[in-house]
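**Q** First the structure, then my questions, so here it is.
The values are calculated or read from the model by the stated rules, or taken from the named source; none is laboratory data. Owing to the predicted nature of the structure, the values given are computational and were not obtained by experimental measurement. Because the Cβ atoms are built from the backbone with ideal geometry, glycine has one as well, and the counts that use them run over all protein chains shown. Each accessible area value is taken on the protein alone, full model and side chains, heavy atoms only, with ligands, DNA and RNA left out. Shrake-Rupley method; radii C 1.70, N 1.55, O 1.52, S 1.80 Å.
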There are 2 protein chains.
Amino acid sequence: MIQGLYLEDLTVGQSAEAVHVVQDADIVGFAEVSGDNNPLHLDEAYAATTPFRGRIAHGMLAGAYISALLAGKLPGPGSIYVSQKLNFKRPIRIGDEVTVRATVTAIDERQAHVTLATACLVKGKVAVDGEAVVNAPRRARAERARAGAA
Amino acid sequence: MIQGLYLEDLTVGQSAEAVHVVQDADIVGFAEVSGDNNPLHLDEAYAATTPFRGRIAHGMLAGAYISALLAGKLPGPGSIYVSQKLNFKRPIRIGDEVTVRATVTAIDERQAHVTLATACLVKGKVAVDGEAVVNAPRRARAERARAGAA
């Protein structure tokens, strides 16, 4: 199995980052996958007439970036998503460089639950923040499972 | 402007639904947009070796479906996403018919904030639930803006 970090590898304060530059194709792709074809996201002429004064990304694209960071890096493959809170603070636009950050804030050893502060930043300002809880695999259990499978 | 429901149109208990049948292309598209190419989502042979015993959708795909329901129907265009909590309870698989539901649970007239219980169900069981807060436009303010623009 492809394996990220185990519960035993995690400490409070540990963090991971990823950077995405939002492309037109990302917004079009998110519209297709979600079914949200609101012209605020897709039609510049229309979006220019709204209070946003131009196209913005779907807010949940930030959720997709955060989930990818957790699933890919911290804790990475083998972890299971338990919950995610997202607070949408500022719009994200085409061309924005989005820094996605996750920082471990608490570890519940008994439940193997890890809490992380999660955020998407654009030019140093918070576009989206919130909190994730993931279940991280225990090393001893994984090693027993591998021994049993061998 | 394309306009959904106004704050004044909303009542506690009001609800909306959408149905998505998850296709392979949706999961591949979500992987491309999010950057989460974990083989648990993309590679059936690998996924069969995991505790999920087969490919599952990215959990945040359910978030995308919920955001699309809010943006498209309740309250619809013109509303602004404030926050979303997602609790991931059960995996969603290719071929699953996902019923996405949002129900108004509270209305804060002063802040124009609407709270909705949000859920994705598969075969009557909750795959994902949680709570959304959106800002709904006020009819009077929209009419003044239109009169000002005329």
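**Q** Report the local net charge at B:S83: Lys and Arg +1, Asp and Glu -1, summed over other residues whose C-beta lies under 12 Å from its C-beta.
**A** Values: positive: A:K85, A:K89, B:K85; negative: A:D129, A:E131, B:E131.
Once positives and negatives cancel, what remains is 0.
**Q** Please go through the residue pairs A:K85/B:K123; B:K85/B:K125; A:K89/B:K89 and name each one whose alpha carbons sit more than 23 Å apart in this structure.
**A** Beyond 23 Å between Cα atoms: A:K85/B:K123; A:K89/B:K89.
**Q** Could you please report the charge total around B:A16, scoring K, R as +1 and D, E as -1 over all other residues with beta-carbon less than 11 angstrom from its beta-carbon?
**A** Values: positive: B:K73, B:R101; negative: B:E17.
Within the 11 Å Cβ shell, the charges total +1.
**Q** If you put +1 on each Lys and Arg Cβ and -1 on each Asp and Glu Cβ, how big is the dipole of chain A around its Cα centre, in Debye rounded to 20?
**A** Its charge dipole is roughly 400 debye.
**Q** Something else about it: Compute the FRET efficiency between B:Y46 and A:K123 as 1/(1 + (r/R0)^6), taking r as their Cβ-Cβ distance and R0 = 45 Å, and round to the nearest 0.05. Can you show the working numbers first?
**A** On the way: r = 38 Å, r/R0 = 0.85.
That gives a FRET efficiency of 0.70.
**Q** Sticking with this one: So what is the 222 nm mean residue ellipticity for chain B from helices alone, if each DSSP H run of at least 4 adds -39500 (n - 2.57) and you divide by all residues, rounding to the nearest 500 deg cm²/dmol? Working shown, then result.
**A** Values: 5 runs with 44 residues, N = 150.
After summing the helix terms and dividing by residue count, I get -8000 deg cm²/dmol.
**Q** Under the classification rounded if a/c is under 1.5, otherwise prolate if a/b is larger than b/c and oblate if not, where does chain B fall, given a ≥ b ≥ c as square roots of the Cα gyration tensor eigenvalues?
**A** prolate
**Q** So, one more: Can you list the copy-to-copy distances for A:V126, using a point 7 angstrom from Cα toward Cβ, in nanometres, shortest first?
**A** Those label-point separations list as 2.7 nm.
**Q** Moving on. So what is the relative contact order for the range B:1-125, in percent, with contacts set as C-alpha pairs under 8 Å and at least six apart? If you can, show how the numbers build up before the last one.
**A** Values: 184 pairs, mean separation 44.6, N = 125.
Relative contact order for the range B:1-125 comes out at 36 percent.
**Q** Also, I was wondering about something else. Keeping every protein chain present and rolling a 1.4 Å probe, give me the accessible area per residue for chain B in Å². Could the numbers behind the result be given before it?
**A** Values: 6890 Å² over 150 residues.
Result: 46 Å² per residue.
**Q** A further question on this structure: Among the trypsin sites (Lys or Arg not before Pro) in the range A:3-111, which ones are in a DSSP loop with at most 13 other Cβ atoms within 10 Å of the Cβ? Mind listing them?
**A** A:R53, A:R110
**Q** Given the C-alpha centroids of the range B:74-91 and the range A:47-95, what is the distance between them in whole angstrom?
**A** One Cα centre to the other: 12 Å.
**Q** Under 10 Å from the Cβ of A:L5, count the other residues' Cβ atoms, weight Lys and Arg +1, Asp and Glu -1, and hand me the total.
**A** Details: positive: A:K73, A:R139; negative: A:E8, A:D9.
Charge balance in the 10 Å sphere: 0.
**Q** Could you sort A:I92, A:I107 by accessible area so the largest value comes first, with the probe set to 1.4 Å?
**A** A:I107, A:I92
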